[in-house]
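Data block below; observations after.
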């Protein structure tokens, strides 16, 4: 008679085989679909379908990873699984310490390794602390333990070695600012009966840092954290969505048309548009500390000089550029609850010319078919900004409720995001 363990093992192997089969099927569909994309039209029609296949692969791989143990491990009990999830915060903590102590630069690159003793000498830190932190990081393939007590780089740790990289900035933001906000979220929710607090000023982030608004804190109080946040968001947004000119016909705008990129950060997207479409004039709007940083000025090539303007602006204030052909909000509304979004949209609507001006929104899209990392991103944004991603119906409702005559003309689902083209109908 088979023992309970052998029955469990057989059932587990059967699940593994099924998951491997499904992963292979969806991965094949993803690859085949990706090869079919040859132009912008195909990107519009196939992009969402391909993303769904990618999400399925990610979900199934996560399920497979939970079923398979590492060599030498005993079968994980239910209690072990629960406690491992509860202890997951230690991975973020270890990464935060590794970043603070600059282990990514202290560990030698080039296929060599660095010992715990060497790291202790250069940092002055406890050897036990270093070994503990490095081994926790190595469990996520950030560093690898080449021999006992000696660590080398991996592809992941090398990315974090680049001081100015988006990955390092975003990781630092997540394990520091966002980690603190997450710790305060359960308490904030208890205070509000587990309903979203009414505005961003009551978010878990504001509670954690004792501030009234996250962006005011970054732009006026802690400029070091603010600079890191801006670098993180610029890089993160750049890889989240496809360029909006894949679906918006900027090439058909008249010569001298004005495009206003609201909350545009350093202006990288605006610079790209101005370079690609030489008939456009582009205005970059954001907080003064963002568009005019003390270091790392944006390099403007001569062909674009004179066609790109940098204008300090708070998007809650009156929009100073009237009658523009296009206004852009790229990854802005995702960080704002509906009440604040309506204020932002009404300011732009007031500046728009009916039946001429267009508002283009590039943002996140809520969908049921999303892997767990999207759900983690949702909870992160909620803890910091009291905001959730929105479905198409929620986007339509938000737009129409923000200003009379404002309505979604067209929209495109691209990957995990959406691009909406919005017009303002003439008033009688």
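Please state which one of 135, 156 is more than 25 Å from the chain's Cα centre (by Cα), free of Cβ contacts under 8 Å to residues at least 40 places away in the same chain and part of a helix (DSSP H, G or I).
Numbers: 156 fails: more than 25 Å from the chain's Cα centre (by Cα).
Selected residue: 135, the only one of 135, 156 that is more than 25 Å from the chain's Cα centre (by Cα), free of Cβ contacts under 8 Å to residues at least 40 places away in the same chain and part of a helix (DSSP H, G or I).
Filter the range 238-259 for residues that are surrounded by fewer than 20 Cβ atoms within 10 Å (Cβ to Cβ) and at pLDDT below 80 and give the result. Working first, answer last.
Filtering the range 238-259 for residues surrounded by fewer than 20 Cβ atoms within 10 Å (Cβ to Cβ) gives 238-240, 242-243, 245-246, 249-258.
Those that are surrounded by fewer than 20 Cβ atoms within 10 Å (Cβ to Cβ) and at pLDDT below 80: 238, 239, 240, 242, 243, 246.
Suppose we filter 119, 129, 95, 83 for residues that are modelled with pLDDT under 95 and assigned to a helix (DSSP H, G or I); which single one remains?
Values: 119 fails: modelled with pLDDT under 95; 129 fails: modelled with pLDDT under 95; 95 fails: modelled with pLDDT under 95.
Of the residues listed, the single one that is modelled with pLDDT under 95 and assigned to a helix (DSSP H, G or I) is 83.
Residues in the range 330-339: is at least one under 28 Å from residue 279 (Cα atoms) and over 25 Å from the mean Cα position of the chain (by Cα)? Explain how you work it out, then say what you get.
So the first thing to find is which residues in the range 330-339 are under 28 Å from residue 279 (Cα atoms), and the list is 330-332.
Cutting the leftovers down to over 25 Å from the mean Cα position of the chain (by Cα) gives us none.
For the range 330-339, residues under 28 Å from residue 279 (Cα atoms) and over 25 Å from the mean Cα position of the chain (by Cα): absent.
Do you know which of the residues in the range 411-426 that are within 18 Å of residue 355 (Cα to Cα) and touching a residue at least 24 places away in the same chain (Cβ under 8 Å) is surrounded by the fewest Cβ atoms within 10 Å (Cβ to Cβ)?
If we filter the range 411-426 for residues that are within 18 Å of residue 355 (Cα to Cα), which is where we start, we get 411, 420-426.
From what is left, the residues that are touching a residue at least 24 places away in the same chain (Cβ under 8 Å) are 420-426.
Details: 420: 22, 421: 18, 422: 27, 423: 18, 424: 22, 425: 12, 426: 10.
The extreme case among them is 426.
Do you know which residues across the range 263-272 are buried (at least 23 other Cβ atoms within 10 Å of the Cβ) and not in a loop (DSSP other than H, G, I, E, B)?
269, 270
Looking at the range 327-378 only, could you name the residues that are touching a residue at least 60 places away in the same chain (Cβ under 8 Å), part of a loop (DSSP other than H, G, I, E, B) and touching a helix residue (DSSP H, G or I) at 6+ places or on another chain (Cβ under 8 Å)?
331, 332, 336, 337, 357, 369, 370, 371
Going by what's in this entry, would residue 112 be described as modelled with pLDDT of 85 or more and not in a helix (DSSP H, G or I)? Working first, answer last.
Values: modelled with pLDDT of 85 or more: yes; not in a helix (DSSP H, G or I): yes.
Against the criterion (modelled with pLDDT of 85 or more and not in a helix (DSSP H, G or I)), residue 112 qualifies.
The values are calculated or read from the model by the stated rules, or taken from the named source; none is laboratory data. Please read these numbers as outputs of a predicted model, since none were measured by experiment. Note that each Cβ is placed from the backbone with ideal geometry, even for glycine, and that neighbours are counted across all protein chains shown.
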